[in-house]
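Notes to accompany the following structure.
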Amino acid sequence: MTTTRTALVTGAGGGMGEACARRLARNGMRVGVLDIDGQNAERVAAQINAEGGQALSLVVDITDRAQVEQGVTALRSAFGPLGVLVNNAGVEDFTLFAEIGPEVWSRMLDVNLTGTYHVTQAVLPDMEAQGWGRIINFSSFAAQSGGPKMVHYAASKGGIIAMTRSLALEVGRKGITVNAVAPGLIDTPMARRAIDGGQFPVPLEQMVASYPIPRIGRAEEVAAAVAFFASEDAGYITAQLLGINGGTAV
Ligand SMILES: NC(=O)c1ccc[n+]([C@@H]2O[C@H](COP(=O)([O-])OP(=O)(O)OC[C@H]3O[C@@H](n4cnc5c(N)ncnc54)[C@H](O)[C@@H]3O)[C@@H](O)[C@H]2O)c1
């Protein structure tokens, strides 16, 4: 028997979050399309609904606890208790360490790490009540390999790895798994901003040429891994970090 689950995907208005929302909807889940960008959240939810899926757009800044609680309540009212959480929303910035001001540092940690804390804490009670849950967090290869001008970003994504493992130990007995993905360079608006902004030391073609799979990754390839972690089949996999990076050395 397949149970229809309710899933929440943060940052689902574009990039990998959009790909995850669409993939989970195709797999038969009811999906909350959460984004700080309301227009994009509505666009993605409307497309999923038009294609026969079930989606609800939620305009939420994940750094704001009250907005997060409101969004989760709205999703629960529409689609029932939440069973799957994809903590994908994140921001990136390229600044030399010495020049990272306290506001930039704090915003990075607020969105990428504390935002994940807010959403996870808001959703966990539903999973505990059902005795079933799947949490998938977004880290980054930058947390594994490091990256110049990315100390704040890498620190936030390293925190995600530590958070994933620790929470997995706490909630495993409640039927909840917690895993993380560490994408390499994936073709999304975020990556395009970095490439077009000249943030990498060499051109894209030269950079990917050294990868065992010598190309940029696709958002759908990350979504496929997320969908597996979210599935019934992945019930014995927890506290893991999966690199989706074309074999890039980390
Ligand atoms: N693209 C890459 O190469 C890459 C590599 C490694 C990790 N990542 C991580 O993967 C995740 C998705 O990245 P992407 O490339 O799809 O990014 P993206 O910028 O294309 O999309 C991110 C989405 O998150 C939303 N968002 C940002 N701040 C938010 C907030 N405070 N509240 C709610 N929504 C918010 C944005 O509006 C956007 O729709 C991020 O956590 C990112 O750090 C990306």
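Calculate the FRET efficiency for L169 and Y236 from the Cβ-Cβ distance with a Förster distance of 25 Å, rounded to the nearest 0.05.
Calculated value: 0.95.
Output the direction-averaged projected area (hull surface divided by four) of the convex hull of the alpha-carbon atoms of the chain, in nm².
13.1
What residues qualify as long-range amide H neighbours of V178, i.e. H under 5 Å apart, gap of 5 or more or another chain, H built at 1.01 Å from N?
I135, A239
Given 0.36 nm per residue, what is the gain on full extension from F228 to T3 after removing their alpha carbon distance, in nm? Can you show the working numbers first?
Numbers: separation 225, 0.36 × 225 = 81.00 nm, distance 1.52 nm.
Length gained between F228 and T3: 79.5 nm.
Consider a paramagnetic label point 7 Å from the Cα of E220 along Cα→Cβ; state which residues of region 1-20 have an amide N under 13 Å from it.
Answer for region 1-20: 19-20.
For the pair L109/M207, report the inter-label distance in nm, with labels modelled 7 Å from Cα in the Cβ direction.
Placing both labels 7 Å along Cα→Cβ, they lie 2.7 nm apart.
Only helical DSSP H runs with n ≥ 4 go in: add -39500 (n - 2.57) per run for the chain, normalise by residue count and round the 222 nm mean residue ellipticity to 500 deg cm²/dmol.
-14000 deg cm²/dmol
Enumerate the calculated ³J(HN,Hα) couplings along region 190-203 in order (Karplus 6.51 cos²θ - 1.76 cosθ + 1.60, θ = phi - 60°), each rounded to whole Hz, writing x wherever the residue is Gly or Pro.
Ordered by residue, 3J(HN,Hα) equals 4, 5, 5, 4, 5, 5, 5, x, x, 7, 9, x, 10, x Hz.
Where the only charges are on Cβ atoms (+1 Lys, Arg; -1 Asp, Glu), what is the dipole of the chain about its Cα centre, to the nearest 20 debye?
Values: 19 positive and 23 negative charges, 108 e Å.
Dipole magnitude for the chain comes out near 520 debye.
Using only Cα atoms, tell me the angle between helix 38-50 and the longest principal axis of the chain; keep it within 0 to 90° and round to the nearest 10.
Taking the Cα atoms of the chain, the angle to 38-50 is about 60 degrees.
Take every Cα pair under 8 Å in region 6-244 that's 6+ residues apart, average their separations, divide by the length, and report that relative contact order as a whole percent.
20
Would you work out the relative contact order for region 1-104, in percent, from Cα pairs under 8 angstrom that are 6 or more residues apart?
30
We did not get these values from a lab; they are worked out from the coordinates using the rules stated. Owing to the predicted nature of the structure, the values given are computational and were not obtained by experimental measurement. Cβ coordinates were reconstructed from backbone atoms using ideal geometry, including for glycine residues, and neighbour counts include every protein chain displayed.
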